[in-house]
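Peer 1: My structure is below; once you've seen it, I'll send some questions.
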Amino acid sequence: MSPSLGLHKPILVPQKDEGAGHNWLALVDSIKMGERSGMEELYRVFSRGVRFYLCRQLGPQDLDDKVHDTFVIVVQAIRKGELREPERLMGFVRTVVRRQVAAQIDRSVQSRREQAELQTTTSVSDHRNTPEEAAIERQHEEMAESVLRSISGRDREILTRFYLLEQCQEEICEEMKLSGTQFRLLKSRAKARFGELGRKKLGRRKYFES
């Protein structure tokens, strides 16, 4: 029996057997202690329903990244003690997923608006970067390199292989001795860490420039 989250209209609805036989307290404690088995069990229990819901709401593009970004958020929240009632884990996951969908839709709308504005602007402007724009671009590249150097070697390796070298999942798993689940969890964690450090560095830069 494979527990999953079902779908009814625009909200997640559990199947009758979802979570049957699971000790949510033990699972939450395992995740709090950083045990890989706990994270893999969380993923196994919820991934099917989360994937189905996200695909239904947002489409198949970057679906793996969206699913595992969701699980990174859930795991981090559990570790920070934000889930005070382990028996409500299923509802907590659903809340996170719905918020992810809402945030993605908001970003998509904003992106389309900015793209439309950019197209209007560039149609009457010089396409070459000004010296100031070129300097800003170099600064962003330098900051990205700095952030990449500051994360753990394993996180840096998987981001470099996947995004810079454009290796496929199967190749990375074989060379790094990872299962598919381990690859997805590690990549999502590395992306989240990279983004967190990048935002901190950008915030400090804005502070010192102000």
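The numbers here are math on the coordinates, done by the rules we state, and not lab data. This structure is a prediction, so every number in the text was calculated from the model and none was measured. Glycine also receives a Cβ, built like all others from the backbone with ideal geometry; neighbour counts cover every protein chain displayed.
Peer 1: Which length gain, in nm to one decimal place, applies between Q169 and R199 when the Cα-Cα distance is subtracted from 0.36 nm times their residue separation?
Peer 2: Stretched out fully, the Q169 to R199 stretch lengthens by 8.1 nm.
Peer 1: Grab the other residues whose beta carbon is less than 14 angstrom from that of V28, score K and R as +1, D and E as -1, and report the net.
Peer 2: After counting each charged neighbour, the total is -1.
Peer 1: Sticking with this one: Ordered by residue, what ³J(HN,Hα) values in Hz, to whole numbers, does region 157-172 give under the Karplus form 6.51 cos²θ - 1.76 cosθ + 1.60, where θ = phi - 60° and Gly and Pro are x?
Peer 2: Once θ is set to phi - 60°, the couplings for region 157-172 become 5, 5, 5, 5, 4, 7, 9, 9, 7, 6, 6, 7, 4, 4, 5, 5 Hz.
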